[in-house]
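Report on one structure; see the data block that follows.
Derivation of every value follows stated rules applied to the coordinates shown; laboratory data play no part. Here the structure is a predicted model, which means the values were calculated and not measured. Note that each Cβ is placed from the backbone with ideal geometry, even for glycine, and that neighbours are counted across all protein chains shown.
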Amino acid sequence: MYAITINEYGDESKLIKQEGIPVPEPKSNQVLIKVKASSVNPIDLMKREGYGKVIFEKQRKNAFPWILGSDFSGTIEKVGSKVGNFKEGDNVWGCSSNANSGTHSEYVCIDVDEVTHKPDVISHLEAASLPYVALTTWSALVRWAGLRPQDLKEKRVFIQGGAGGVGCFSIQLFKSLECEVTVTCSKKNIDLVKSLGADQVIDYNEESFYESLKEFDIAYDLLGDHVLEDSVDKCCSILKLSSESHYITLTHPLVNTLDAKGLLLGGPHAYFLRQKQRKKYQPINVHWSIYRPSLSGLEQLSSLVQEESIKPVIDSVYSLNDLAAAHQKVSTGHVSGKVVLDHPE
Ligand SMILES: NC(=O)c1ccc[n+]([C@@H]2O[C@H](COP(=O)([O-])OP(=O)(O)OC[C@H]3O[C@@H](n4cnc5c(N)ncnc54)[C@H](OP(=O)(O)O)[C@@H]3O)[C@@H](O)[C@H]2O)c1
């Protein structure tokens with residue numbers, strides 16, 4: 001089979017098409033999938049450059065070649081001996097969290113708790129745009145913030161960075177849960193985020209959200225200090241001073257700290273940093289979120305897509321053969337929705 005691999009860390013030029021890779025054999029609890037479409041997430045670019053190598057290298061059988069990519073949509077080619085709920089030819093989708101199962105590949109083996117049947121109202125290309133961003137938000141709300149869908153009804157939610165992959169999904173999710181949603185984005189994306197249901201949009205080039213907004217229940221900060229100095233401070237300043245308020249950031253200190261300090265010292269140091277910030281903003285709850293797989297989240301996503309409460313938002317489609325160009329597009333930091341990859345037959 002073919003795949004796009006890296007053989008060392010670096011820029012887009014390190015992405016190389018490799019042919020003649022043996023097709024993996026599914027373990028008893030896995031399915032082998034012929035991938036029809038996948039997508040690019042900012043984490044792929046970071047991993048390509050060596051982000052998280054302390055932890056991700058430990059998880060891989062061989063450091064290189066490494067196939068990146070998490071989202072997939074495709075058809076079942078073969079099932080493991082203990083798999084009962086899938087058969088050859090089924091259309092499936094999901095997200096791989098296994099460092100040995102990158103999806104920028106012709107075939108991939110996926111554990112059965114990371115795959116489910118694809119909703120038939122969307123194509124493979126559309127399907128590949130959703131699982132990672134959706135399960136990121138699912139993890140953020142359910143796993144890390146401990147919120148249930150019913151806790152969110154009529155809450156006032158602020159999303160910093162509403163126009164990217166995570167933003168376009170989360171606007172629709174919060175609206176489906178009857179929240180009032182305010183987002184930031186640049187001028188070119190205002191109509192897009194409004195079309196997804198945003199009640200209020202702030203053009204970050206024209207206005208500083210923390211000077212005008214107040215009394216929010218939840219701040220979902222997709223960009224953190226990458227784009228806004230003292231982002232935690234500014235987002236927390238618009239929240240109600242209450243133990244019912246939540247600030248959730250996707251900028252988690254763990255992986256960077258592990259890279260800087262190693263496995264032994266990095267974990268406790270990241271924990272120390274988090275505890276320090278938690279204390280500072282009390283009674284507001286401060287959460288650092290990191291993607292975690294969730295079959296129940298994926299099944300919930302399938303229902304929301306099937307009933308058309310969530311629609312895929314695609315910035316652009318590239319052939320998998322043009323993965324380097326797709327990485328360049330994501331690296332601009334200004335996509336509108338998702339960059340999706342069409343896998344050649
Ligand atoms: N912790 C985790 O597990 C996890 C999981 C997924 C993603 N993430 C992180 O979450 C972030 C968002 O991911 P994504 O997939 O949505 O990224 P993305 O698709 O690349 O989106 C980036 C978006 O950021 C917006 N943006 C740039 N500067 C901005 C600013 N100053 N204010 C407001 N919006 C701004 C852009 O909109 P404009 O073009 O309108 O500026 C663009 O739409 C990334 O940093 C990613 O690494 C973390």
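Amide hydrogen proximity for Arg156: with H placed 1.01 Å from N in the peptide plane, the residues at 5 or more positions away or on another chain lying under 5 Å are Glu180, Asp217, Ile218.
Hey, can you list the DSSP H helices of the chain whose Cα span along the axis is 15 Å or longer and whose average Kyte-Doolittle score is at least 0.0? Membrane-span-like by this criterion, though nothing is claimed about a membrane: 165-176, 295-306.
Taking the charge dipole of region 133-288 about its Cα centre, with +1 at Lys and Arg Cβ atoms and -1 at Asp and Glu Cβ atoms, the residue from Ser245, Ser139, Phe158 reaching farthest to the positive side is Ser139.
Among the trypsin sites (Lys or Arg not before Pro) within region 69-99, those in coil by DSSP and having at most 14 neighbouring Cβ atoms inside 10 Å are Lys82, Lys87. Less than 5 angstrom separates the built amide H of Ser70 from those of Ser39, Thr103, all sequence-distant by 5 or more or on a different chain.
Packing, as the average of other Cβ atoms within 10 Å across residues, places the peptides 181-193, 22-34 in the order 181-193, 22-34, highest first. Here the Karplus relation 6.51 cos²θ - 1.76 cosθ + 1.60, evaluated at θ = phi - 60°, turns the backbone of region 149-158 into coupling constants of x, 5, 6, 8, 3, 6, 6, 9, 10, 10 Hz, with x for every Gly and Pro.
Amide H to amide H, with H built 1.01 Å from N, Val313 comes under 5 Å of Lys338, counting only residues 5 or more places away or on other chains. Restricting the calculation to Cα atoms, region 133-288 yields a radius of gyration followed by a Dmax of 15.3, 47 Å. The Cα center of region 301-336 and the Cα center of region 178-220 differ in position by 21 Å.
Sorting the segments 158-164, 267-273 by their residues' average number of neighbouring beta-carbon atoms within 10 angstrom, most packed first, yields 158-164, 267-273.
Give the percent of DSSP beta bridges with both residues in the chain that are antiparallel, rounded to the nearest 5. Each step should come with its number before you reach the end.
Numbers: 30 of 56 bridges.
Percent antiparallel among DSSP bridges in the chain is about 55.
Dividing the summed -39500 (n - 2.57) terms of all DSSP H runs of n ≥ 4 by the residue count of the chain sets its mean residue ellipticity at 222 nm at -9000 deg cm²/dmol.
Each of the peptides 219-227, 35-43, 235-243 was scored by the mean count of other Cβ atoms within 10 Å over its residues; in descending order, highest first, they stand as 35-43, 219-227, 235-243. Loop-resident chymotrypsin sites (Phe, Trp or Tyr not before Pro) (DSSP state other than H, G, I, E or B) in region 104-138 with no more than 13 further Cβ atoms inside 10 Å of their Cβ are absent. Here the mean projected area of the convex hull built on the C-alpha positions of the chain is 16.7 nm².
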